[in-house]
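Trainee: Structure below; questions to follow.
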Amino acid sequence: MAEAEPSRSIVTLDVAKSNRSTCKATGEKIEKGEHRVGVEAYSGGHISMTWQKVVPFLEGCSLEYSKTNTGADKKTGQKFSKGDLRFVMTVKGSRILLSVKSAAEELKPVLAEANDFSLLSFKGLENLQEGDREEYFNQFGVSKNDAKAYNKEHPPPAEQPASPPPAKKRKTAKAKALKDEDSEEDQVRASEEEDEQEEAADHAETASEQPKIGKKAVKVEEMSAYERERAEHIARNKERMAALHLPSLANSMAPKQEARPAKQRGISSKRHKAPVEEVPRRASLRQRGVQADGAAVDTEGRGGHITLVNGEAIRYPDPSEPAQPRERHPPSATDFSSLNGRPGSDAAFLDLLKAQTGPTLAGGKGNHPTHAQLSKLDLQENDVAKVTKNGIVHLAFHPCTDTLILAAADKSGHVGLWSVDADLARPSGSATKENEGQHHENQAQAEGQQQSVKGDKSGKGEGEDLEMREGDDDGVLELAPHYQYISGLRWAGGGGNCAKLVTASYDGSVRMLDPSTATFELLVTDPEAEYSAMDCLADASSGFVGDNEGNLQGFDARQKQLTQTALNIHDKKINTVNIEPGQEHLVATACSDNSICIWDVRKLSQGGKPVSSVTHSLTCQSAYFAPDGSQRVVSTSRDDTLRVWDARQDMNQLASMRHYNNTGRWVVPFRAVWGPASDTVIVGSMKRTIDVFNDEGGKMVQLSSQHQTAISSRHCVHPTLPVLAAGTASGRMHVYRHV
């Protein structure tokens with residue numbers, strides 16, 4: 001072994017000071033006063049102290065022989081050579097390597113508290129050779145009688161278990177072709193490529209006990225007579241074709257294929273840019289042949305004050321003056337005025353929203369898309385559009401119609417509205433073939449609504465049809481009702497009135513888009529709060545907001561005021577607030593303190609306790625009630641699980657699904673959502689797919705398409721049609737449906 005560094009403590013034995021920590025091995029809560037073992041490990045994107053119960057920690061330790069010349073003793077820094085005996089501690093997927101001597105020193109206080117754990121039960125002990133067993137018995141203090149009995153029951157192997165054979169040296173086809181050439185430069189280049197591939201193979205071997213080899217290794221040996229003859233024929237034929245200029249002749253005769261530009265729908269399309277006005281080149285008065293007026297500066301004072309010779313006073317802005325601070329949010333109601341639309345497109349979209357006056361379908365009973373239908377969806381090129389400029393954090397289908405209208409909110413406070421079929425030749429009723437019969441009666445109405453978007457709303461002539469008729473507009477409007485990250489978005493209302501869009505933001509405001517007044521009304525505002533979550537009732541009459549300090553408040557949309565003081569119900573940020581559709585007095589909250597709580601708002605008070613609660617081992621990103629009123633809750637956590645709970649039975653766990661949820665810094669965290677029939681759980685994937693589970697945690701189907709090139713973090717499903725929307729961190733929306 002190499003020279004060691006100064007030793008350092010690896011394992012910490014501690015007594016839990018509270019009952020808030022969780023065992024990373026079992027997921028069980030560690031009670032106050034119970035002994036726990038702490039080891040620093042990589043978790044959640046950084047190095048942190050991870051805690052485990054004593055016995056589960058010891059059960060995760062093992063003994064093994066090093067298969068390579070990599071790895072070092074974590075305590076002393078000594079390097080391991082191939083065949084060296086080492087002790088392995090497994091902590092949340094990370095492997096910590098120690099020598100047997102270091103392990104015995106580190107685990108001595110832990111073993112003193114583990115009365116139920118035997119020193120002869122470490123995994124891998126039965127595979128050790130006789131000499132290595134003796135070293136282990138001596139270092140860990142195993143009695144001679146126990147060691148003799150163990151050796152009798154488990155005779156040591158005659159020789160060290162064979163390690164996997166080293167990866168064969170790989171050589172590329174390029175190196176093989178250059179083998180017999182005299183160019184020293186080419187030989188060196190081929191040798192470097194071989195060394196890089198051999199190093200990559202060694203890295204793959206150390207990362208797994210059974211190394212995966214992506215490509216079959218090419219064995220370079222001396223050529224046979226047949227292979228040499230074949231290579232000579234190939235070289236001779238290439239020389240003849242080159243002499244006749246056949247390759248260049250073939251290229252000149254081949255038809256030229258024009259590069260097909262990628263189709264771009266949405267707010268970043270070039271056709272929305274206004275033509276650049278040509279400005280005449282600047283020139284001085286002398287160059288333009290104009291006589292100067294004779295004005296000259298007499299005095300110049302502070303603050304940009306200038307006095308001319310003729311006595312005229314001028315004040316220019318002083319660059320040293322601080323800029324006026326921007327307000328947290330627009331101070332009052334804002335008009336429905338898009339950032340990208342043309343003069344007629346805003347009015348046309350408002351007319352489309354006003355026309356949708358059917359009953360609210362969210363959470364109601366009816367014909368909702370099932371797991372079988374949602375598992376067969378596909379994505380077409382026309383069903384992708386950039387709806388917001390920044391990452392999408394919330395999205396929702398318009399709930400009152402089978403016309404596909406999507407709302408999406410982003411990190412910068414903008415809201416994008418997209419009429420999906422606005423510039424397509426098909427009517428909106430064809431969004432699904434399975435429901436053609438059911439929605440046949442609505443097809444004529446839907447076509448009329450689309451024409452209200454496509455037609456001329458400003459009295460222009462036939463040759464100047466408005467935006468959406470000839471694809472001059474993609475049916476996407478971008479609005480800016482907030483100045484900061486939007487933390488909640490929901491369509492509500494209906495029942496004879498056009499649905500309203502309620503939004504909340506970290507800028508401390510809650511707003512509601514009312515198509516009948518063409519404004520984003522300001523419902524409530526708090527100059528100090530940063531609202532991190534929001535949900536409202538189905539009729540948009542009231543709702544609840546949570547903030548980043550764990551406070552919950554109710555608001556009345558009719559009175560436009562907060563209905564109660566902030567109640568501190570969590571210790572950390574509230575990530576989601578969700579109202580149970582069947583029992584609207586029940587509210588579910590998911591928090592960064594790892595907990596999910598169900599609250600009865602009729603009994604909510606300062607210091608009050610939830611109706612029921614449960615915790616994950618890491619941060620809980622979301623918790624949503626099932627739309628069917630069954631009081632089932634689906635949660636998403638950074639502990640790489642999706643879980644289904646029964647709120648009627650004190651949050652009894654009904655299902656658990658393993659799913660990688662550590663999205664990192666640049667991807668919006670995943671949040672699993674229910675399908676409208678409450679038999680489906682939908683969540684994004686780091687593999688750029690959409691994972692569709694059934695409500696029992698099995699039968700997972702992955703939706704993917706060549707037209708979705710980024711990870712989709714947020715999803716929603718149309719309440720009556722088998723249509724699924726997926727939003728990405730680039731602001732693009734993807735609409736999956738039957739084709």
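The values are calculated or read from the model by the stated rules, or taken from the named source; none is laboratory data. Everything numeric in this text was worked out from a predicted model, so none of it was measured. Methodologically, a virtual Cβ is constructed for each residue, glycine included, from the backbone with ideal geometry; neighbour enumeration extends over all protein chains shown. When the accessible area is computed, the model is the full protein with side chains, heavy atoms only, and any ligands, DNA or RNA have been set aside. Shrake-Rupley method; radii C 1.70, N 1.55, O 1.52, S 1.80 Å.
Trainee: In region 381-403, how many are polar (S, T, N, Q), open to solvent by less than 10 Å² (accessible area, probe 1.4 Å) and under 13 Å from residue 723 (Cβ atoms)?
Mentor: Filtering region 381-403 for residues polar (S, T, N, Q) gives 382, 388, 390, 401, 403.
From the residues that got through so far, the ones that are open to solvent by less than 10 Å² (accessible area, probe 1.4 Å) too are 388, 403.
Those left that are additionally under 13 Å from residue 723 (Cβ atoms): 403.
So the answer is 1.
Every residue, every condition in (1) surrounded by fewer than 14 Cβ atoms within 10 Å (Cβ to Cβ); (2) touching a Lys or Arg at 6+ places or on another chain (Cβ under 6 Å); (3) part of a loop (DSSP other than H, G, I, E, B); (4) modelled with pLDDT under 50, yes or no:
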| residue | (1), (2), (3), (4) |
| --- | --- |
| 117 | no, no, yes, no |
| 142 | no, no, yes, no |
| 147 | no, no, no, no |
| 185 | yes, no, no, yes |
| 192 | yes, no, no, yes |
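Trainee: Would you tally the residues in region 718-739 being modelled with pLDDT of 90 or more, aliphatic (A, V, I, L, M) and open to solvent by 20 Å² or more (accessible area, probe 1.4 Å)?
Mentor: Here the count works out to 1.
Trainee: Can you give me the number of residues within region 536-551 that are open to solvent by less than 60 Å² (accessible area, probe 1.4 Å) and under 19 Å from residue 581 (Cα atoms)?
Mentor: The number of residues fulfilling the criteria is 10.
Trainee: Another one. Restricting attention to region 39-55, which residues are of a type outside the set (Gly, Ala, Ser) and modelled with pLDDT under 90? I'd like the intermediate steps shown before the answer.
Mentor: If we filter region 39-55 for residues that are of a type outside the set (Gly, Ala, Ser), which is where we start, we get 39-40, 42, 46-47, 49-55.
Result: 39, 40, 42, 46, 47, 49, 50, 51.
Trainee: Checking the conditions here, which among 312, 277 is among the acidic types (Asp, Glu), over 59 Å from the mean Cα position of the chain (by Cα) and modelled with pLDDT of 70 or more? Break it down stepwise before answering.
Mentor: Working: 277 fails: over 59 Å from the mean Cα position of the chain (by Cα).
Going through 312, 277 in turn, just one is among the acidic types (Asp, Glu), over 59 Å from the mean Cα position of the chain (by Cα) and modelled with pLDDT of 70 or more: 312.
Trainee: Can you tell me how many residues within region 525-548 are farther than 21 Å from residue 584 by Cα, free of Cβ contacts under 8 Å to residues at least 40 places away in the same chain and not in a loop (DSSP other than H, G, I, E, B)?
Mentor: 0
Trainee: Here is a further query. Kindly provide the set of residues from region 374-411 that are part of a loop (DSSP other than H, G, I, E, B), within 21 Å of residue 684 (Cβ to Cβ) and not basic (Lys, Arg), ordered by number. Walk me through how you get there before you give the answer.
Mentor: To start, the set of residues in region 374-411 that are part of a loop (DSSP other than H, G, I, E, B) comprises 375-377, 387-391, 398-404, 411.
Retained after the next criterion (residues that are within 21 Å of residue 684 (Cβ to Cβ)): 375-377, 387-391, 404, 411.
The answer is 375, 377, 387, 388, 390, 391, 404.
Trainee: Also, I was wondering about something else. Would it be correct to say that residue 569 is within 19 Å of residue 548 (Cα to Cα) and at pLDDT 95 or above?
Mentor: Answer is no for this residue.
Trainee: Same structure again: Only one of (1) buried (at least 24 other Cβ atoms within 10 Å of the Cβ); (2) in a loop (DSSP other than H, G, I, E, B); (3) at pLDDT 50 or above fails for residue 513. Which number is that?
Mentor: (2)
Trainee: All but one of (1) assigned to a strand (DSSP E or B); (2) within 29 Å of residue 135 (Cβ to Cβ); (3) at pLDDT 85 or above hold for residue 36; state the number of the condition that does not hold.
Mentor: (2)
Trainee: Within region 632-676, take every residue that is among the acidic types (Asp, Glu) and open to solvent by less than 50 Å² (accessible area, probe 1.4 Å) and give me the one that is nearest to the chain's Cα centre (by Cα). First the steps, then the outcome.
Mentor: To start, the set of residues in region 632-676 that are among the acidic types (Asp, Glu) comprises 639-640, 646, 650.
Pick out the ones that are also open to solvent by less than 50 Å² (accessible area, probe 1.4 Å) and you get 639-640, 646.
Details: 639: 14, 640: 13, 646: 26 Å.
Of everything passing the filter in region 632-676, 640 is nearest to the chain's Cα centre (by Cα).
Trainee: Condition (residue is touching a residue at least 24 places away in the same chain (Cβ under 8 Å), part of a strand (DSSP E or B) and either open to solvent by less than 20 Å² (accessible area, probe 1.4 Å) or not polar (S, T, N, Q) (or both)) applied to region 76-86: is it met by at least one residue? Spell out how you get there, then give the answer.
Mentor: Applying the first criterion (touching a residue at least 24 places away in the same chain (Cβ under 8 Å)) to region 76-86 yields 76-85.
Narrowing further to those that are part of a strand (DSSP E or B): 79, 85.
If we keep only those that are either open to solvent by less than 20 Å² (accessible area, probe 1.4 Å) or not polar (S, T, N, Q) (or both) as well, we get 79, 85.
For region 76-86, residues touching a residue at least 24 places away in the same chain (Cβ under 8 Å), part of a strand (DSSP E or B) and either open to solvent by less than 20 Å² (accessible area, probe 1.4 Å) or not polar (S, T, N, Q) (or both): present.
Trainee: Every residue in region 552-563 that is part of a loop (DSSP other than H, G, I, E, B) and open to solvent by less than 30 Å² (accessible area, probe 1.4 Å), please. Full working, then the answer.
Mentor: Going residue by residue through region 552-563, those that are part of a loop (DSSP other than H, G, I, E, B) are 557-560, 563.
Result: 557, single match.
Trainee: With respect to residue 88, determine if the residue is in contact with a Ser or Thr (Cβ under 7 Å, 6 or more places away or on another chain) and at pLDDT 90 or above.
Mentor: Numbers: in contact with a Ser or Thr (Cβ under 7 Å, 6 or more places away or on another chain): yes; at pLDDT 90 or above: yes.
Answer is yes for this residue.
Trainee: Inspect all residues belonging to region 658-674 and state whether any of them is more than 25 Å from residue 537 (Cα to Cα) and touching a Leu at 6+ places or on another chain (Cβ under 6 Å).
Mentor: yes
Trainee: Just one of the numbered conditions (1) among the small types (Gly, Ala, Ser); (2) surrounded by 22 or more Cβ atoms within 10 Å (Cβ to Cβ); (3) more than 26 Å from residue 24 (Cα to Cα) is not true of residue 710; which one?
Mentor: (2)
Trainee: Do you know which residues across region 669-689 are of a type in the set (A, V, I, L, M) and in contact with a strand residue (DSSP E or B) (Cβ under 7 Å, 6 or more places away or on another chain)?
Mentor: Residues of region 669-689 of a type in the set (A, V, I, L, M): 672-673, 677, 681-683, 686.
Those that are of a type in the set (A, V, I, L, M) and in contact with a strand residue (DSSP E or B) (Cβ under 7 Å, 6 or more places away or on another chain): 672, 673, 681, 682, 683.
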